[in-house]
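What follows is one structure encoded as structure tokens, with my remarks underneath.
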Number of protein chains: 2
Amino acid sequence: MQIKKFRREHKLFLVEGAKSVLELLNSSYHIDSLFITAAFNDLYSKILVNKVPFEIVSQKDLERLGEFVSNDSALAIVRMGENTELLLEGNEYILALDGISDPGNLGTIIRIADWYGITKIICSENTAEVYNSKVISASMGSFTRVRLYYCNLNEYLKKRKAPIYGAELQGKDIHSVKFTSSGFIVLGSEAAGVSAEIQSLITEKITIPRYGAAESLNVAVAAAIICDNLKRII
Amino acid sequence: MQIKKFRREHKLFLVEGAKSVLELLNSSYHIDSLFITAAFNDLYSKILVNKVPFEIVSQKDLERLGEFVSNDSALAIVRMGENTELLLEGNEYILALDGISDPGNLGTIIRIADWYGITKIICSENTAEVYNSKVISASMGSFTRVRLYYCNLNEYLKKRKAPIYGAELQGKDIHSVKFTSSGFIVLGSEAAGVSAEIQSLITEKITIPRYGAAESLNVAVAAAIICDNLKRII
């Protein structure tokens with residue numbers, strides 16, 4: 001807990017596991033400290049050379065330092081990026097997250113955005129923090145390529161002129177929506193969906209058609225289906 | 001732990017939380033015991049009447065009995081169903097899971113199947129157990145409508161004549177696949193994908209097109225995108 005507090009005060013976050021640390025080494029993030037096992041060093045010494053100083057430690061040490069139950073590869077302590085405003089530029093889509101609270105869902109959404117070539121996500125202030133180690137872990141390295149901006153989502157979206165698509169129960173079937181070449185996709189919280197104030201800003205209500213009996217879909221699953229339909233048409 | 005062992009020996013499993021217990025009451029599952037809070041009884045007394053005997057307990061008791069950190073509604077101890085062989089009948093699709101090990105992923109896949117009207121899932125023996133409480137919880141009640149059959153998946157699929165679609169990296173773009181009216185969709189394990197022996201049984205290799213840089217998608221997310229493409233075309 002003291003380490004957690006120390007990290008937050010010093011604007012540092014944890015990246016754990018081989019896949020995520022390798023992606024990190026390939027990114028512009030500033031690595032404050034890097035701890036690796038001898039086995040990881042044997043496998044990736046060519047990548048590590050001249051990149052960043054590191055210390056070889058035991059698997060036990062990695063597990064003590066980090067939050068993974070099991071980590072036999074690497075752990076980095078990394079400097080958080082600035083919370084810089086992100087704007088729609090050219091033919092692109094931006095995801096807008098209205099209160100996604102589960103870190104696993106946020107990490108999965110970052111990974112999905114990265115798969116579909118979406119590089120910007122706007123988050124309401126009550127969305128889970130990207131630097132939470134569960135978010136970083138679920139993003140499978142995609143946090144290095146997708147930028148997030150935390151702000152008052154209502155104020156942010158109010159100023160936008162591009163179409164704002166929002167997933168709601170009574171919207172147009174996404175299989176027949178003609179998506180414009182750029183815009184925003186709003187995704188609501190797991191428990192409450194899109195908040196009333198954000199709903200009023202949505203210009204196109206869209207719905208994933210249901211063929212069976214489940215009441216809803218997980219929000220990350222819904223994000224993926226929307227992105228797949230979006231890209232199919234562009 | 002003793003309770004867990006007792007449950008397994010007596011072929012019983014746990015269902016926790018209001019949403020899941022309400023779906024359960026609406027299903028053909030045999031409820032062995034039902035424990036509810038007074039607040040849950042106040043809300044749902046009309047549904048509970050004549051359904052099944054229950055006992056009113058405190059929230060603390062529910063949390064002690066179950067695996068949820070917080071449960072202020074209901075908990076049921078339920079008899080497991082038989083592991084009955086499931087066959088392709090008429091114009092339907094069946095999901096075939098080859099070693100999905102994460103209970104959250106399995107539960108999410110059950111929920112997705114239910115959304116898309118798929119009612120049968122065939123699981124390899126090394127797939128997570130459906131009666132794991134994390135699977136039940138992630139399925140959000142959909143375990144009451146989707147049946148699972150655990151078997152030697154290789155032996156099972158070998159005997160089938162319908163097309164077997166499998167998600168692989170070098171397959172046909174799912175946006176242009178013409179799915180037949182019935183068949184199987186194979187999904188591989190989180191770590192290793194589809195095993196070599198099952199790969200050799202796939203008749204149509206399919207791929208979710210990628211527009212960005214993420215290396216892969218979560219298996220439940222991939223299942224959802226495939227189901228959405230499947231239903232769009234049928």
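Read-outs throughout are calculated quantities, based only on the coordinates presented, and are distinct from any laboratory measurement. What you are looking at is a predicted structure, and each value in this text was computed from that prediction instead of being measured. Cβ coordinates were reconstructed from backbone atoms using ideal geometry, including for glycine residues, and neighbour counts include every protein chain displayed.
What full-extension length gain, to one decimal in nm, is calculated for A:H10 and A:A162 as 0.36 nm per residue of separation minus the Cα-Cα distance?
Values: separation 152, 0.36 × 152 = 54.72 nm, distance 3.73 nm.
Here the answer is 51.0 nm.
Put simply, when B:152-164, B:204-216 are sorted by average Cβ atoms within 10 angstrom per residue, most first, you get B:204-216, B:152-164.
Across every direction, the projection of the convex hull enclosing the Cα atoms of region B:2-79 has a mean area of 4.8 nm². Over region B:2-79, Cα pairs under 8 Å with separation of 6+ residues give a relative contact order of 47 percent. Determine which residues of region A:197-213 fall in the zone a paramagnetic label at B:E92 would reach in this model, i.e. backbone nitrogen under 20 Å from the point 7 Å along Cα→Cβ. Only A:210-213 pass the distance filter. Across region B:38-54, rounded Karplus estimates of 3J(HN,Hα) from the backbone phi angles (6.51 cos²θ - 1.76 cosθ + 1.60, θ = phi - 60°) give 4, 5, 5, 4, 4, 6, 10, 4, 5, 6, 6, 3, 6, 6, 6, x, 9 Hz, Gly and Pro being marked x.
The mean number of Cβ atoms from other chains found within 10 Å of a Cβ in peptide A:220-232 is 6, as a whole number. For region B:109-184, relative contact order (Cα pairs under 8 Å, six or more residues apart, normalised by length) works out to 33 percent. The mean of 1/r over all distinct Cα pairs in chain A, once inverted, gives the Kirkwood hydrodynamic radius of 18.9 Å.
Packing around the peptides B:23-32, A:69-78, B:217-226, B:77-86, taken as the average count of other Cβ atoms within 10 Å per residue, puts them in this order, highest first: B:217-226, A:69-78, B:23-32, B:77-86.
Using Cα pairs closer than 8 Å and at least 6 residues apart in sequence, work out the relative contact order for chain B, in percent.
Working: 431 pairs, mean separation 46.7, N = 234.
Computed value for chain B: 20 percent relative contact order.
Per residue of B:133-141, how many C-beta atoms from partner chains lie within 10 Å of its own C-beta, taken as a mean?
Values: counts 0, 0, 0, 0, 0, 1, 1, 5, 3.
Average neighbour count from other chains, rounded to a whole number: 1.
If you count, for each residue, the other Cβ atoms within 10 Å and average over each peptide, how do A:101-114, B:105-118 line up from highest to lowest?
Values: A:101-114: 24.9, B:105-118: 26.4.
Averaged packing, sorted descending, gives the order B:105-118, A:101-114.
Enter the mean number of other protein chain beta carbons within 10 Å of the beta carbon of each residue in A:105-115, as an integer. Each step should come with its number before you reach the end.
Values: counts 0, 0, 1, 5, 1, 1, 7, 6, 2, 7, 14.
The shielding value for this peptide is 4.
The phi-based Karplus calculation (6.51 cos²θ - 1.76 cosθ + 1.60; θ = phi - 60°) puts the 3J(HN,Hα) values of region A:153-166 at 5, 4, 4, 5, 6, 3, 7, 8, 9, 6, x, 10, 8, x Hz, whole numbers, x for Gly and Pro. Note on region A:69-84 and region B:118-141: Cα centroid distance 33 Å, given to the nearest whole angstrom.
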